[in-house]
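Below: one structure, written as structure tokens.
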Amino acid sequence: MTREKLIGMKHRIICTLILLSVAVSTNAQGICVHSLIVATALSGKVVTQLERGETPLPEALVVLLEDRYQGRVVAQTTTGEDGTFSFKKKLKPGKYVLKVSHPNLATFYGPVELTKSRSGLPVQEIVVTIGADFTKPCGGSSAELRVKKKD
């Protein structure tokens, strides 16, 4: 092989390695798309998963945004010592984005739809699990609707 061919092959190998490393790092970051939560009340609790199970997460910031790109803040609150949250502001039925964050944990963004309450249905709450395991999809963060336990 000539020197020019060797240099050309070396350049192609380097370019291929660079493209592969970019593809791997982009895939590792991922884009989290959570399922729509339809609820009659936008309240609930924020927890984190530890070895001993769900642990309430105090002082998490919970923000409700308009359901559009860079939507404005509609309401915000922080969780109490028991991880619970509720918005003081009366909210209109509609679609929103729920953002939950806490330092050093994966921020959760999820679509929610607030509907009019219907009698006869069990009271439900939104439970947001904030993760710190960045080897899992979405950093281990998720949300679900659960029947609210009576105190």
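The values are calculated or read from the model by the stated rules, or taken from the named source; none is laboratory data. The model shown is predicted, which means the values in this text are computed figures rather than measured ones. As a convention, Cβ positions derive from the backbone with ideal geometry for all residues, glycine included, and neighbour counts pool all protein chains shown.
What to note about this one:
- Residue in the stretch 113-141 that is surrounded by the fewest Cβ atoms within 10 Å (Cβ to Cβ), counting only those that are under 12 Å from the mean Cα position of the chain (by Cα) and at pLDDT 85 or above: V127
- Some residue of the stretch 99-108 being of a type in the set (A, V, I, L, M, F, W, C), surrounded by 14 or more Cβ atoms within 10 Å (Cβ to Cβ) and out of contact with any strand residue (DSSP E or B) (no Cβ under 7 Å at 6 or more places or on another chain): no
- When the stretch 93-151 is filtered for residues that are touching a Leu at 6+ places or on another chain (Cβ under 8 Å) and free of Cβ contacts under 8 Å to residues at least 24 places away in the same chain, only P93 remains.
- Close contacts from the stretch 41-64, counting a first residue that is assigned by TED's automatic domain parsing to the domain that holds A143 and touching a residue at least 40 places away in the same chain (Cβ under 8 Å) and a second that is acidic (D, E) and surrounded by fewer than 19 Cβ atoms within 10 Å (Cβ to Cβ), with Cβ to Cβ under 7 Å and a gap of 6+ residues or different chains, come to V47/E54.
- When the stretch 100-133 is filtered for residues that are in contact with a Pro (Cβ under 7 Å, 6 or more places away or on another chain) and in a strand (DSSP E or B), only L114 remains.
- Hits in the stretch 52-85 - residues which are acidic (D, E), within 19 Å of A39 (Cα to Cα) and in a strand (DSSP E or B): E66
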